[in-house]
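Peer 1: One structure is given below, represented as structure tokens, and several questions about it will come after.
The values are calculated or read from the model by the stated rules, or taken from the named source; none is laboratory data. Quantities reported herein were computed from a predicted structural model and do not represent experimental measurements. Please note: Cβ atoms are built from the backbone with ideal geometry, for glycine as well, and neighbour counts cover all protein chains shown.
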Amino acid sequence: MPWHITTLFIVAVLNAVFSLILIRGSRTRVNNIFSVFVLSASAWSVGIGLFLGTGSLKVALYAADFYYVAAALIPILFLHFSLLFLREKDNPISIFTMTVLYVPIVTFIVAVVVDPHIILSSISLNLGMKDVILNPVPYSLYGFIFASYVVAAFLVLTRKLHNTRELDRRLQLNFIILGTVVPYILGMIFNLILPWLGNYRQIWLGPVFSLMMVASIGYAIAKHHLFNLKIIATEVAVVALWIFVLIRTILSDTLSDQLLNGGLLISLIVIGVLLIRSVIKEVKTRERVEQLANELGVANDRLTQLDRQKSEFLSIASHQLRSPLTAIKGYSSMMLEGSFGHLTDKLKEAVERVFLSSERLVIIIEDFLNVSRIEQGRMQYEFSTVDLDKLVQEAVAELTPGVVKAGLTIEYQKVGEGPFFTTADYGKVRQMVVNIIDNATKYTPKGGIIVTLEAENKVVRINIKDTGIGIPADVLPTLFEKFTRAKGAGLVNTQGTGLGLYVVKELMKAHKGRVWVESPGAGLGSTFHLEFVAQ
Ligand code: ADP
């Protein structure tokens, strides 16, 4: 078989494979029309191949009629595809447009069936090559209509390119326009104009250019799903390799060559199938990962938003609770002091409970407010030079009555002579120390608390050690997170919120210091450390 005819059949197979892959890929209208478009390019190659290859003039005539129909379909389907491609939604186009699109081709098919000589009035063999005489009027009309569809499609595409801002879409349109304009011009030169001028020898070139057209439109469609493009590229490459080796096998001169090429073909088929499968698998996994990442991103955004709303809610609710609580605390304290006259013992006991509960609530609300201030970035700090020795002494003195009342002992010791200066917000550091000593009191049923202060290597450290319930090892890593309470904590102290240590951790962060805890285990006491940069 002459090589140019072989080329035509290879082009036909490649286009047909491409069309099948597209049809399988996605069943949208655009894809369907595009795959019929590719199929007509394939039929065009087959028709020309048959025309050039056959020895029978009769077969050649029918083959020519066939490829003129196939060739006419190419610009029509291209226009149809362009109209569909530019729509935002996958809607069908109007009946009027469909009529304008398809009535001429139906008329042409009827004309060819009625008179097979309508385009080629005669074919003759000349030194093994075919020469033809064209029917000038129908052929010119055919050429004119063909060119009109091509021009219409390009007008539609360029107008859209002009009106589109979206970068992705512009890229796609550029690809389609640039990738098709050259093959169309070349195809029309070799398959419409040269034959009109009497040269019918180069018509095999047109279908070869169609491959370029198909590839660029295919690429533009696949751009939206770049991953699928990888599958398509692998499939096309593998199939092209198979066809190449198959042709080599058929054309081999000796039996040993044929066997060798046949063996090569079989191994290539096996390897190719495996390769395509693994590419599909990889692409699917990547698509799934991408989809999951997107879903995760959305969920994360939603959570962040919810977290913000929660902080706002906490802040508003706490502010609203603070004023009535101040009144409860203030009035119960005045009643206890006798501002409203003498109280009976029973009444005094009840009012005392009201006072203590309101005090506890004040602490809880203060924790809530601190959390929302921290999370909304509204916490204000006033840094100055702080003498930690003085601060700790004051805090211990303030808390001693409560500790003693709980049946515990408390001691304060300095390790060395200091100095124990740091740059800090006095009120906040005091709040942290009070919080931790208060915790030690709450979670220590018997024994005592020892507070020590030490300075070494540019840091000043406050250690608060108790003989309490200790902290199980599994809770230690998360103890400073929001709402974390160890399992046994509820038994000793039912009122906790699990926010105090979170606030301490955040305040220490703002002080560029560290807080951590050590505990040998449940029942063995714990030691909290607050470490500041020394001044
Ligand atoms: P709350 O005391 O309100 O529960 P915190 O954030 O202050 O919240 O403490 C969190 C948890 O850490 C407590 O519930 C408790 O389980 C544990 N914890 C804190 N201090 C001590 C301590 N000194 N001994 C044992 N456990 C403690």
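Peer 1: Do the conditions hold for Gly402, that is, is it more than 48 Å from the chain's Cα centre (by Cα) and either outside any loop (DSSP other than H, G, I, E, B) or more than 16 Å from the ligand (Cβ to nearest atom) (or both)?
Peer 2: Answer is yes for this residue.
Peer 1: Another question about this same structure. How many of the residues making up the range 502-517 are assigned to a loop (DSSP other than H, G, I, E, B) and small (Gly, Ala, Ser)?
Peer 2: 1
Peer 1: Considering each of Arg165, Arg159, Arg170 in turn, give the residue that is outside any helix (DSSP H, G or I), surrounded by fewer than 18 Cβ atoms within 10 Å (Cβ to Cβ) and under 40 Å from the mean Cα position of the chain (by Cα).
Peer 2: Arg165
Peer 1: Being more than 17 Å from Lys58 (Cβ to Cβ) and of a type in the set (Ser, Thr, Tyr), is that true of even one residue in the range 114-122?
Peer 2: There is no residue in the range 114-122 that is more than 17 Å from Lys58 (Cβ to Cβ) and of a type in the set (Ser, Thr, Tyr).
Peer 1: State all residues of the range 118-146 that are closer than 17 Å to Val69 by Cα, in contact with a helix residue (DSSP H, G or I) (Cβ under 9 Å, 6 or more places away or on another chain) and surrounded by 15 or more Cβ atoms within 10 Å (Cβ to Cβ); if no residue qualifies, say none.
Peer 2: Ile118, Ile119, Leu120, Leu134, Pro138, Tyr139, Tyr142, Gly143, Ile145, Phe146 - these are the residues of the range 118-146 that are closer than 17 Å to Val69 by Cα, in contact with a helix residue (DSSP H, G or I) (Cβ under 9 Å, 6 or more places away or on another chain) and surrounded by 15 or more Cβ atoms within 10 Å (Cβ to Cβ).
Peer 1: OK, next. Considering the range 478-487 alone, what residues qualify as being closer than 25 Å to Leu314 by Cβ and either near the ligand (Cβ under 8 Å from one of its atoms) or exposed (fewer than 15 other Cβ atoms within 10 Å of the Cβ) (or both)?
Peer 2: Thr478, Leu479, Phe480, Glu481, Phe483, Thr484, Arg485, Ala486 - these are the residues of the range 478-487 that are closer than 25 Å to Leu314 by Cβ and either near the ligand (Cβ under 8 Å from one of its atoms) or exposed (fewer than 15 other Cβ atoms within 10 Å of the Cβ) (or both).
Peer 1: Yes or no: Glu417 touching a residue at least 12 places away in the same chain (Cβ under 8 Å), out of contact with any Cys (no Cβ under 7 Å at 6 or more places or on another chain) and more than 11 Å from the ligand (Cβ to nearest atom)?
Peer 2: No: the conditions fail for Glu417.
Peer 1: Out of all the residues in the range 161-176, is one or more modelled with pLDDT of 90 or more and under 22 Å from Trp44 (Cα atoms)?
Peer 2: Looking for residues that are modelled with pLDDT of 90 or more and under 22 Å from Trp44 (Cα atoms), one finds none in the range 161-176, hence no.
Peer 1: Got a sec? Which of Asn294, Asn261, Asn228 is under 29 Å from the mean Cα position of the chain (by Cα) and at pLDDT 85 or above?
Peer 2: Asn294
Peer 1: Mind checking whether some residue in the range 376-392 is within 22 Å of Thr444 (Cα to Cα) and among the charged types (D, E, K, R)?
Peer 2: No, the conditions are met nowhere in the range 376-392.
Peer 1: From (1) closer than 24 Å to Thr422 by Cβ; (2) near the ligand (Cβ under 6 Å from one of its atoms), pick out the condition that doesn't hold for Ile469.
Peer 2: That leaves (1) as the condition not met.
Peer 1: From Val475, Val434, which residue is within 16 Å of the ligand (Cβ to nearest atom), out of contact with any strand residue (DSSP E or B) (no Cβ under 7 Å at 6 or more places or on another chain) and farther than 22 Å from Leu524 by Cβ?
Peer 2: It is Val434.
Peer 1: Just to be sure I understand the filter: pairs with C-beta atoms under 6 Å, separated by 6 or more residues or on different chains, first member in the range 439-465 and under 21 Å from Val503 (Cβ atoms), second member more than 11 Å from the ligand (Cβ to nearest atom) and of a type in the set (Asp, Glu). Which pairs pass?
Peer 2: Arg461/Glu454; Arg461/Glu531
Peer 1: Among the residues of the range 352-363, are any over 21 Å from Gln431 (Cβ atoms) and touching a residue at least 60 places away in the same chain (Cβ under 8 Å)?
Peer 2: Scanning the range 352-363 turns up no residue that is over 21 Å from Gln431 (Cβ atoms) and touching a residue at least 60 places away in the same chain (Cβ under 8 Å).
Peer 1: Kindly check whether there is at least one residue in the range 511-530 that is of a type in the set (Lys, Arg), surrounded by 15 or more Cβ atoms within 10 Å (Cβ to Cβ), in contact with a strand residue (DSSP E or B) (Cβ under 7 Å, 6 or more places away or on another chain) and farther than 27 Å from Gln380 by Cα.
Peer 2: The answer is no; no qualifying residue exists.
Peer 1: Can you say whether Ile450 is of a type outside the set (Gly, Ala, Ser) and more than 8 Å from the ligand (Cβ to nearest atom), as far as the supplied structure shows?
Peer 2: Yes: the conditions hold for Ile450.
Peer 1: Give the number of residues within the range 488-509 that are at pLDDT 90 or above and surrounded by fewer than 15 Cβ atoms within 10 Å (Cβ to Cβ).
Peer 2: Qualifying residue count, the range 488-509: 1.
Peer 1: Please specify each residue of the range 355-399 satisfying the condition of being β-branched (Val, Ile, Thr) and assigned to a helix (DSSP H, G or I).
Peer 2: Selection gives Val362, Ile363, Ile364, Ile365, Val371, Ile374, Val392, Val396.
Peer 1: Is one or more of the residues making up the range 493-509 more than 7 Å from the ligand (Cβ to nearest atom), without any contact (Cβ under 8 Å) to a residue 24 or more places away in the chain and within 38 Å of the chain's Cα centre (by Cα)?
Peer 2: Yes, the range 493-509 has at least one match.
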